[in-house]
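Heads up: the structure comes next, in structure tokens.
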Amino acid sequence: MKQLNTILHELGIDPNLPAARGLPLCESAQTLVFCGLGSDGRDKFLIPEAARAWRAMCAAAATEGVALRLISAFRSIEFQAALIRARVNQGMSLIDALKINAPPGYSEHHTGRAVDIGTPGCAALDEAFEHTPAFAWLSARAAAFGFALSYPRNNPQGFLYEPWHWCFARASQ
């Protein structure tokens, strides 16, 4: 893997930007386990504790008639760079791309603890997710499984509001 600073330089990301936005460096997960199929039909992975909590949370939601769909989970630094590169190549400014995706090395997805969640009837990664029964259920119950909403409105990290992005912080009780 290329050095992180080299990747940031190649993308045109100021190396001071993460600190200026208060973004912590996120270590890449070392041990990942399968946690389910994503909405894209591909295998998704999380660290073991987060995978167990994700499956338990989905099962609990299902018993209450709420369907949680896995959109995204672990991402490598290289994959994160490719997401940003693709947005810029499609004409988005780098500044706007970095409001949607964290700079490589600074994404919670690298840790194997973050999930992007969807639900039937709502487009993936859409702010409309906020108005679904799935979001209401997560808001009321996700903490019991160790998950928290990472990027609420007007978050200090400078990301756009992401009602679908939840990160596992502790073992479920």
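Take residues that are in contact with a His (Cβ under 9 Å, 6 or more places away or on another chain) and tell me which of the helices (runs of 4 or more DSSP H) falling wholly in the stretch 76-173 contain 1 or more.
Per the criteria, 77-89.
Could you identify the single residue in LEU37, LEU25 that is open to solvent by 70 Å² or more (accessible area, probe 1.4 Å), of a type in the set (A, V, I, L, M, F, W, C), in contact (Cβ under 8 Å) with a residue 24 or more places away in the chain and in contact with an Asp or Glu (Cβ under 7 Å, 6 or more places away or on another chain)?
LEU37
Results for (1) modelled with pLDDT of 95 or more; (2) hydroxyl-bearing (Ser, Thr, Tyr); (3) open to solvent by less than 60 Å² (accessible area, probe 1.4 Å), shown as yes or no for each residue.
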| residue | (1), (2), (3) |
| --- | --- |
| GLU108 | yes, no, yes |
| ALA123 | yes, no, no |
| HIS131 | yes, no, no |
| ALA134 | yes, no, yes |
| PHE145 | yes, no, yes |
| GLN157 | yes, no, yes |
| ALA171 | no, no, no |
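Evaluate the stretch 70-82: report whether one residue or more is within 15 Å of the chain's Cα centre (by Cα) and among the basic types (Lys, Arg).
Within the stretch 70-82, one or more residues are within 15 Å of the chain's Cα centre (by Cα) and among the basic types (Lys, Arg).
Within the stretch 60-73, which residues are open to solvent by 60 Å² or more (accessible area, probe 1.4 Å) and in contact with a strand residue (DSSP E or B) (Cβ under 9 Å, 6 or more places away or on another chain)?
Within the stretch 60-73, ARG69 is the sole residue that qualifies.
How about the stretch 159-169: which of its residues are open to solvent by less than 60 Å² (accessible area, probe 1.4 Å) and either in contact (Cβ under 8 Å) with a residue 40 or more places away in the chain or closer than 24 Å to PHE45 by Cβ (or both)?
Those that are open to solvent by less than 60 Å² (accessible area, probe 1.4 Å) and either in contact (Cβ under 8 Å) with a residue 40 or more places away in the chain or closer than 24 Å to PHE45 by Cβ (or both): PHE159, GLU162, PRO163, TRP164, HIS165, TRP166, CYS167, PHE168.
Would a scan of the stretch 43-57 turn up a residue that is in contact with a Cys (Cβ under 8 Å, 6 or more places away or on another chain), not in a helix (DSSP H, G or I) and not charged (D, E, K, R)?
Yes, the stretch 43-57 contains a residue that is in contact with a Cys (Cβ under 8 Å, 6 or more places away or on another chain), not in a helix (DSSP H, G or I) and not charged (D, E, K, R).
Could you say whether any residue in the stretch 6-21 is farther than 16 Å from ALA82 by Cα and in contact with a strand residue (DSSP E or B) (Cβ under 6 Å, 6 or more places away or on another chain)?
No: zero hits.
Being in contact with an Asp or Glu (Cβ under 9 Å, 6 or more places away or on another chain), buried (at least 16 other Cβ atoms within 10 Å of the Cβ) and of a type in the set (Val, Ile, Thr): is that true of ILE7 here?
yes
Scan the stretch 77-99 for residues that are open to solvent by less than 50 Å² (accessible area, probe 1.4 Å) and either β-branched (Val, Ile, Thr) or in contact (Cβ under 8 Å) with a residue 40 or more places away in the chain (or both) and report the count.
Residues flagged as open to solvent by less than 50 Å² (accessible area, probe 1.4 Å) and either β-branched (Val, Ile, Thr) or in contact (Cβ under 8 Å) with a residue 40 or more places away in the chain (or both) within the stretch 77-99 amount to 5.
The values are calculated or read from the model by the stated rules, or taken from the named source; none is laboratory data. On a predicted model such as this, the values are computed, not experimentally measured, just so you know. Using ideal geometry, Cβ is built from the backbone for each residue, glycine included, and neighbour counts are taken over all protein chains shown. Each accessible area value is taken on the protein alone, full model and side chains, heavy atoms only, with ligands, DNA and RNA left out. Shrake-Rupley method; radii C 1.70, N 1.55, O 1.52, S 1.80 Å.
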